[in-house]
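Input: a single structure, listed below in structure tokens.
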Amino acid sequence: MKSIILWGVLTVSLLLILVILFRRRIGFKWISTFGVHLVLAALGIYVVNYSGLVGEVSIPINPATIGTVTVLGLPGVALLYGLKITLF
């Protein structure tokens, strides 16, 4: 019963978001731009982890780290690297 309610809420939310997108003619450009930033953030963390340039420090690839790098860019990678060295 819970899963039916959750799927219903998800479906109604998705439909309302689509109505807002098409009614206001926002378009999908921002979605593609955000997607590109997410991919580049994950790629940046991956390169830092597996290039061996920063030593044996590994930044985990999870939604929090990718979100940080998506918002901050390359300084976000440096921030995560500094936090990893300092705190762990």
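The values are calculated or read from the model by the stated rules, or taken from the named source; none is laboratory data. The structure presented is a predicted model; accordingly, all values stated were derived computationally and were not measured. Here the Cβ positions follow ideal geometry from the backbone for every residue, glycine too, while neighbour counts run over all protein chains shown. Side chains are part of the model used for accessible areas, which takes the heavy atoms of the whole protein and leaves out ligands, DNA and RNA. Shrake-Rupley method; radii C 1.70, N 1.55, O 1.52, S 1.80 Å.
How many residues does the stretch 7-58 hold that are of a type in the set (Val, Ile, Thr), at pLDDT below 85 and farther than 25 Å from residue 75 by Cα?
Matching residues across the stretch 7-58 total 4.
Tally up the residues in the stretch 53-66 that are surrounded by 14 or more Cβ atoms within 10 Å (Cβ to Cβ) and assigned to a helix (DSSP H, G or I), please.
Matching residues across the stretch 53-66 total 2.
Is it the case that the stretch 14-37 has a residue that's touching a helix residue (DSSP H, G or I) at 6+ places or on another chain (Cβ under 8 Å), part of a loop (DSSP other than H, G, I, E, B), free of Cβ contacts under 8 Å to residues at least 24 places away in the same chain and open to solvent by less than 80 Å² (accessible area, probe 1.4 Å)?
Yes, there is a match, as at least one residue in the stretch 14-37 is touching a helix residue (DSSP H, G or I) at 6+ places or on another chain (Cβ under 8 Å), part of a loop (DSSP other than H, G, I, E, B), free of Cβ contacts under 8 Å to residues at least 24 places away in the same chain and open to solvent by less than 80 Å² (accessible area, probe 1.4 Å).
Restricting the search to the stretch 71-80, which residues are modelled with pLDDT of 85 or more and open to solvent by less than 60 Å² (accessible area, probe 1.4 Å)?
Answer for the stretch 71-80, where residues must be modelled with pLDDT of 85 or more and open to solvent by less than 60 Å² (accessible area, probe 1.4 Å): 76, 77, 80.
Going residue by residue through the stretch 67-84, is there one that turns out to be more than 11 Å from the chain's Cα centre (by Cα), assigned to a loop (DSSP other than H, G, I, E, B) and among the aliphatic types (A, V, I, L, M)?
Checking the stretch 67-84: not a single residue is more than 11 Å from the chain's Cα centre (by Cα), assigned to a loop (DSSP other than H, G, I, E, B) and among the aliphatic types (A, V, I, L, M).
Condition check: within 10 Å of the chain's Cα centre (by Cα) and open to solvent by less than 40 Å² (accessible area, probe 1.4 Å). Does residue 44 satisfy that?
Judged against the criteria, residue 44 is not a match.
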